Structure formats: C-alpha cells, structure tokens
Amino acid sequence: MKDCYSRRQILALGVGSAALATFDKVSATAGTRSMPSPKVETPAAPLNEFNSYGEDLERYLMLRTSPIAVKMLENESDIPEGAIRPSVDRGYHLAQCQAFAMSRREGTTVAMLKEDHWCPAAPLAYGMVKRADDAVQRGQSYDCFPYGKYVGIVTAPLKSANFLPDVVIIYSNNAQLRGLILSMGNEEPSQISSRFLPPSCSYSVVNVMQTGKYWVVLPDPGEYQRALGTEDEMMFAVPGEKMETLIAGLRRNENGVFSYRNHHPFMQPDFERPDFYVDMFKSWGLK
C-alpha cells in the first residue's frame with residue numbers, strides 16, 4: 001500500500017461514538033406479537049441509491065471506515081473502470097482482508113484475481129483454484145463457490161462504487177452493530193446468521209450470497225494482524241438485495257427510543273422509562 005500505519009496510529013484515530021437504533025414498539029399487552037409483513041420482491045435499486053446507502057450508513061452509525069461494496073467477477077472484462085490490480089498496477093500482492101482495508105480506509109477500488117492473492121483462504125473460498133480432496137482434513141471446511149464460476153472479486157467504498165454490489169460489508173464496533181440490528185423490523189432479525197471462526201473473507205461473502213441472509217462475522221487474525229483491524233471491530237455482511245430494507249429501518253428509527261446517538265452512560269435508580277416500559281409494567285400489575 002502507498003500509506004502504511006502502525007496499530008498505535010490507527011487506534012489513535014478514535015472509536016466511532018454512536019450507533020443509531022430504534023426497536024419496534026412492544027405491544028402493551030404481554031404476549032402479543034406483531035404479524036410479519038408479507039415479503040414483496042422488488043427490483044434492484046439503481047447505483048446512485050446504493051451510493052446514498054453508503055453515505056447514510058456512515059452518517060447514522062458514525063462509522064470510522066466506509067462500508068464496502070463487494071462484487072464477484074465472472075469475467076476479467078467485468079472489472080470496473082478505475083479499479084487497481086495489486087500485482088499489475090502496484091507490483092505487490094495482498095491478502096483479501098488487506099484489499100477490504102484499502103477500500104474501506106483509503107477509498108480504493110481493488111480488483112483481486114487469482115494472481116493478486118497472497119493468502120490461500122480467499123482464492124479457495126471464491127473458487128479461483130481447485131479445492132483439494134482432503135480439504136476438510138487440512139482445516140478448509142468452509143463453504144466455497146464452485147471452481148471456475150468466478151475469476152475474481154472487486155471491492156470499493158459503497159458511497160462511491162461504480163458497480164452494483166452482491167454484498168455490502170460494514171465494519172462496526174459492537175454498539176454500532178447493536179444499533180443496526182435494533183433498527184430492523186420484527187421479521188428481519190430471523191434472517192441473521194453468524195460465524196466466529198476463520199476465514200472471515202469467506203463467511204462475509206460466500207455464505208451471504210449462498211444463503212441470502214445477513215451475517216455477523218468475527219474478523220479473523222488476518223484482519224487484525226495484516227489489515228489494521230481494531231480490537232473492537234465486527235463485520236456485518238448484507239446481501240445487496242436487502243440493503244433497501246436495512247436502510248429504510250435506519251431512516252425510520254433515526255430518533256427513536258433506542259437511538260444510540262441519544263444515549264449517555266448513567267447509573268440512576270428509578271430512571272425515566274420509555275412509555276412502552278410503563279405499559280408493560282402496568283400489564284403485569286407493577287408500577
């Protein structure tokens with residue numbers, strides 16, 4: 001990379017202070033549940049909408065780095081204009097987590113084909129190389145795309161990407177992640193899966209595209225050791241087709257009762273409670 005930072009310098013940039021979140025109101029009657037809204041297929045949002053989603057995520061969640069747009073490439077000709085190939089344009093190789101970091105920290109559009117990789121996990125996961133018959137015995141039990149389906153992957157900041165993403169990956173602290181999840185409608189949290197073992201470059205892309213679900217992924221050691229990831233970061237990966245729903249929740253709940261921007265630490269008995277707390281306690285015969 002052109003710019004190199006020590007971990008101390010990165011941590012000195014500070015931690016994003018807040019996440020925006022609102023939880024849907026709980027019914028005043030205990031045990032009552034809202035019926036989930038019927039799912040309606042909608043056409044993909046245009047590119048400028050995805051760019052605005054990137055800006056909204058940074059503003060509402062006060063993120064330290066940009067959410068990244070991720071697209072799998074079926075042909076080399078699909079590489080978008082302005083993308084760099086590390087081995088061709090920079091004369092070096094990268095692990096996929098480092099390409100993620102260049103996109104989210106430096107704003108660079110990075111295309112990674114087989115020749116650009118320096119860590120085996122991503123080319124195996126993305127089907128750029130053949131998987132050995134004894135892959136499980138070698139610790140390569142993670143899901144992979146079929147061999148030969150894709151020739152590469154491209155990433156860019158969501159707010160400036162010039163391609164429609166298959167996946168959006170958001171790096172957040174746990175408070176921002178909580179705010180993001182609490183902003184969802186009643187039915188969306190059931191669509192969240194998680195993975196806490198390596199490789200995070202696989203689970204945040206392959207599993208998201210294969211299942212169509214949101215994925216909470218713990219960044220693996222490579223993210224921390226090689227890509228300047230911080231100790232408090234989590235990865236939240238979103239299928240491209242779910243971005244409209246996710247952002248609608250953030251916009252709707254910007255100033256709600258659980259908006260993290262409005263929260264301040266305190267320890268106070270008999271604190272002022274939201275109305276739905278009061279309603280629930282009344283339904284139980286309590287103050």
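The values are calculated or read from the model by the stated rules, or taken from the named source; none is laboratory data. Quick caveat: nothing in here was measured; it's all calculated off a predicted structure. Reconstructed Cβ throughout: ideal geometry from the backbone, glycine too, with neighbour counts over all protein chains shown.
Details
- Among the conditions (1) over 23 Å from Asn51 (Cβ atoms); (2) surrounded by 18 or more Cβ atoms within 10 Å (Cβ to Cβ); (3) not polar (S, T, N, Q), the only one that Val205 does not satisfy is (1).
- In this structure, Val216 does not satisfy being at pLDDT 95 or above, in contact with a strand residue (DSSP E or B) (Cβ under 7 Å, 6 or more places away or on another chain) and surrounded by 24 or more Cβ atoms within 10 Å (Cβ to Cβ).
- Pairs with Cβ under 6 Å, 6+ apart, first in segment 232-250 and of a type in the set (Gly, Ala, Ser), second crowded, with 20+ Cβ neighbours inside 10 Å and part of a loop (DSSP other than H, G, I, E, B): Ala237/Ser204; Gly240/Pro165; Gly249/Ser183; Gly249/Met184
- Any chance Ala69 is touching a residue at least 60 places away in the same chain (Cβ under 8 Å) and closer than 30 Å to Asn255 by Cα: yes
- Complete set of residues in segment 87-137 that are closer than 18 Å to Pro67 by Cα and surrounded by fewer than 18 Cβ atoms within 10 Å (Cβ to Cβ): Glu106, Gly107
- Matching residues in segment 145-168 - criterion: being touching a Leu at 6+ places or on another chain (Cβ under 9 Å) and either at pLDDT below 95 or among the hydroxyl-bearing types (Ser, Thr, Tyr) (or both): Tyr150
- Looking only at segment 77-102, and only at residues there that are of a type in the set (A, V, I, L, M) and part of a loop (DSSP other than H, G, I, E, B), the one that is nearest to Leu158 (Cα to Cα): Ala83
- Some residue of segment 102-121 being of a type in the set (S, T, N, Q), modelled with pLDDT of 95 or more and in contact with a Gly (Cβ under 6 Å, 6 or more places away or on another chain): yes
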